[in-house]
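Below is one structure, written out as structure tokens; comments come after it.
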Amino acid sequence: MRVTLTIEGGFGATPGPASPLVLSTEDLGAEDAAGLLRLVEEASAFPKPEAYGPSATSDVRRYVLKVEGGSDDRTLSWTDAGSTQARTALVRFVRQMARPTLPSGGAR
């Protein structure tokens, strides 16, 4: 499984596209991979995550999590107002474990 997390907007956000964070279970140890799978399932518990919280504006932080691999690829989208403890834990885990992607042609 591979997850891509993009965080947009919010107070103090810098202009321009944010670098998505990408995390794959193939790059994790067995315990961390199982933890990521569990966090994704817990964060996906609500059938319509878009219904929780207002749509993003410049002062509202928006999270987009794309989940690929397995039987049901999906995209979750929510704002801070629509966050849950499970989603907060998932964002924290991905931020700690993932590496940002680079724009095409970019150097590190």
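So, of the residues in segment 1-58 that are at pLDDT 75 or above and of a type in the set (Asp, Glu), which turns out to be farthest from the chain's Cα centre (by Cα)?
It comes out as 31.
If I ask for residues that are surrounded by fewer than 11 Cβ atoms within 10 Å (Cβ to Cβ) and at pLDDT 90 or above, which ones from segment 59-108 would you list?
85, 96
The values are calculated or read from the model by the stated rules, or taken from the named source; none is laboratory data. It should be emphasised that the depicted structure is a prediction, and the values quoted were computed from it without experimental measurement. Neighbour counts are summed over all protein chains in view; Cβ atoms, including those assigned to glycine, are modelled from backbone coordinates with ideal geometry.
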